[in-house]
Amino acid sequence: MAKYTQLAADIVKNVGGKSNVISLAHCITRLRFKLKDEKKANTDVLKAMDGVVTVVQSGGQYQVVIGNAVGEVYDEILASQGINAAGGAAAAEDDAPKKPLDMFIDTVSGIFTPVLGVLAASGMVKGLTALLAAFNIISTDGGTYQIMSVIGDAFFYFLPIFLGFSAARKFKMSEFAAMAIGASLVYPSLSTIMQGEALYTVLEGSTFESPVHLEFLGIPVLLMTYASSVIPIILAVWVGAKVEKFYAGVVPQLIRGFGVPFCTLLTMIPLTLLVVGPVATWTGKALGAAATGLFGISPMLAGLFIGGAWQIAVMFGLHWGLIPIMIQNIVTYGADPVVITMFGTTFAQIGVVLAIILRTKDQKLKGIAIPAFLSGIFGVTEPAIYGVTLPRKKFFAISCIGGAIGGALVALLGVKLFIFGGLGVFQYPCFIDPATNDLSGMYNGMIVSVVAFAVGFGLTFPIYKDDPIPAAAAPTSEPVPSAQPAAAVVEEKTIEREVLKSPLTGNIVALKDVPDEVFSSGLLGKGIAVEPTVGKVIAPADAEVTTLFPTGHAIGLSTSKGAEMLIHIGMDTVKMEGRGFKTHVAQGDHVKQGQLLIEFDIDMIKKAGYPVITPVLVTNHDKYKDIVTADGKTINGGDNLITAVV
């Protein structure tokens, strides 16, 4: 985790510091912060950081998208930044008013995010077991099948206990008291009692007609099947948190340690079995029936909509609102035909990304796109969305079109999700009906993925080209040409060019000799470096300050003629946290050639152990025919340094 120490520190600093953090969680690709004041966060700085894909503000959360390394970065933040999973430095209360939708999404994601990894893993085992049984590789009567079933089913069967734990963290209830409530819902004796003869039936003739197998203090208990259920335990813990808080205020301090749990469990378990559980179960069935009913009116239209809109929902975290419906449908009806219409979106997205990989000459883009493509195969598409397609909007739209077509095809072929588990290619076995070992759903799912992939790839490959885009989003990388005297270019009167002055006084160093591979390889742009002898940076041309790091160690400029420039003072000087740097301009300022931008203390940088060599780069060099740099050994600030030939 040591390699993420600096990234963790920079992220916490730029979300406003640990005192601004209410809570932190993570999902497959995102750090999900709840902040006291999102205005204190430096969103632009975070988006520009190496190791950060982008930032999304949605659902009451400040989401920093990391990608596949999110777990390591999250662990490093917990370990080194004084932040814990439940909250920030003091886990302060968040009193800011929220919209109902934001509250709902925040609640659901907060409860499911901690269990998502094991939830998916258990589903993958269930899918693998079904696949092995369907191909007669293992016998359903054998011990291997039984043990595999235990591995896959145990988490789902006892899901109320696990969700009780995560819901307790969300609603601020004792975690073990919440787990005890969850355990009561799946207590084995209750399911045995349900199989016996009913004492009588209540609510006869209505939708809620229920047999009564036992009573509590003369009150009929409407037993339900709570194994794998979602809504009953969440509602029970929400109520339980309020009950526990009440008892904490009235139970004497002397016996509070055991008195509060005693009173809470004695109240909540009967209340859950008598009222909360049945009401939540009926509510869940109603939601599932409503979704299925709407889907039944026009399955293909619903598939088009869900498949086309799914990636947009993922961007804003809104997909969390549909996950409980998916699980509820599986628990109630044995399968989900509705939410699973999103299945093709993953493959449409990676189809677009693969086409871009094959067409682009931009090495930095390929460096982002190839890992994003590999992640997408296994269902994690956020690196592809934020790093590749969304910055190129029409290609994100193409991926949505592929997802919509895939959604309609899911509905047309009648593909159903029988097991909630793996994503991407790991989801294929989840379409096998475990009751019959029917493989047709899996084969149809494969057809959907191929079609969605083909749409994304086929619409992208013929039209993609490397349009110039902002260097901060995707700088290009090509070999640096041999340096030529700037004066030689000046004599070519017929060649259009932009001459950029040296922002520094010092010794000229070839870019390939810079002691940092990111700069020396040309990954961030073409240009030259200067070993400064005077600690001042001046404007190389009339320009706008497009980026200015808070530490003052680097500045980005956009000249009046269109060159995008990066001046990075020293190597690893970000670690000085601004010590020895003084900025004289602000981001957004318009400056004149020769204007003082930054002062820096050369001796302090060297004493801190960092090289002071400073790359001066043209980051959008792809728009020029050539980038020609001055030769010689020394240069003064204001002398010709770089000529960008159009």
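In this structure the chain gives 44 Å² per residue of accessible area when probed at 1.4 Å with all protein chains present. Estimated from the Cβ-Cβ distance and a Förster radius of 25 angstrom, the FRET efficiency linking residue 199 and residue 225 is about 0.85. Looking at 309, 188, 248, which one has the Cα that reaches farthest to the positive end of the dipole of the chain (charges on Cβ: Lys, Arg +1; Asp, Glu -1)? Among 309, 188, 248, the one farthest towards the positive end of the dipole of the chain is 248. Where (1) 29.9, 103; (2) 25.7, 78; (3) 27.0, 90 are the candidate values, the label of the one calculated here for Rg and Dmax of the Cα atoms in Å is (1).
Contact order for the stretch 264-409, expressed relative to its length and based on alpha carbon pairs under 8 Å spaced 6+ residues apart, stands at 34 percent.
When 282, 310, 238 are compared by accessible surface with a 1.4 Å probe, the order from highest to lowest is 238, 282, 310.
Considering only the other residues whose Cβ falls under 13 Å of the Cβ of residue 571, what net charge follows from Lys and Arg at +1 and Asp and Glu at -1?
-3
Full extension of the chain between residue 592 and residue 72 yields a length gain of 182.8 nm, computed as 0.36 nm times the residue separation minus the alpha carbon distance. With 32 Å as the limit on Cα-Cα distance, the pairs of 364/501; 34/536; 18/393; 3/126; 393/575 that go past it are 34/536; 18/393; 3/126; 393/575. The amide H of residue 616, built 1.01 Å from its N in the peptide plane, has 528, 529, 530 as neighbours under 5 Å, considering only residues 5 or more places off or on other chains. Taking all protein chains together, 214, 203 sort by accessible area into 203, 214, largest first [probe 1.4 Å].
Taking the 1.4 Å solvent-accessible surface of the chain as the whole, the part contributed by carbon and sulfur is 62%. Counted without the sites themselves, the longest stretch of the chain free of GluC sites (Glu not before Pro) in a DSSP loop having at most 14 other beta carbon atoms within 10 Å is 210-490.
Quick one: net charge around residue 420, please, counting Lys, Arg +1 and Asp, Glu -1 for every other residue with C-beta under 9 Å from its C-beta. Local charge sum for residue 420: 0. For residue 285, the lysines whose Cα falls under 20 Å of its own Cα, not counting residues fewer than eight places away in the same chain, are 416. Across the stretch 490-646, C-alpha contacts under 8 Å between residues 6 or more apart give a mean separation that, scaled by the residue count, equals a relative contact order of 35 percent. Please give the FRET efficiency for residue 39 paired with residue 499, using the beta carbon to beta carbon distance and R0 = 51 Å, rounded to the nearest 0.05. The pair residue 39/residue 499 has a calculated efficiency of 0.80.
Look at where the Cα atoms of the stretch 169-221 and of the stretch 360-395 average out, and the two centres are 48 Å apart. Taking amide H positions as modeled 1.01 Å from N, with prolines and chain starts lacking one, the residues under 5 Å from residue 626 and 5 or more places away or on another chain are 645. In the stretch 358-470, Cα pairs under 8 Å separated by at least six residues give a relative contact order of 28 percent. Sorting the segments 377-383, 245-251 by their mean number of nearby beta carbons within 10 angstrom, highest to lowest, gives 377-383, 245-251. Note on residue 246 and residue 176: with the Förster distance fixed at 22 Å, the Cβ-Cβ geometry gives a FRET efficiency of about 0.75.
Dividing the summed -39500 (n - 2.57) terms of all DSSP H runs of n ≥ 4 by the residue count of the chain sets its mean residue ellipticity at 222 nm at -13500 deg cm²/dmol. Net charge of the neighbourhood of residue 611, taken over other residues with C-beta under 14 Å away and scored Lys/Arg +1, Asp/Glu -1, is -3. Each label was represented as a point 7 Å from its Cα along the Cα-to-Cβ direction; for residue 289 and residue 79 these points are 5.2 nm apart. Only the Cβ atoms of Lys and Arg (+1) and of Asp and Glu (-1) were treated as charged; on that basis the dipole of the stretch 553-601 about its Cα centre amounts to roughly 120 debye.
Note on the stretch 179-277: Kirkwood hydrodynamic radius from all Cα pairs is 14.8 Å, rounded to one decimal.
The values are calculated or read from the model by the stated rules, or taken from the named source; none is laboratory data. Only a predicted model underlies this, so the values are computations on that prediction, with no experimental measurement involved. Using ideal geometry, Cβ is built from the backbone for each residue, glycine included, and neighbour counts are taken over all protein chains shown. Ligands, DNA and RNA are stripped out before the accessible areas are found, and what is left, the full protein with its side chains, is counted by its heavy atoms. Shrake-Rupley method; radii C 1.70, N 1.55, O 1.52, S 1.80 Å.
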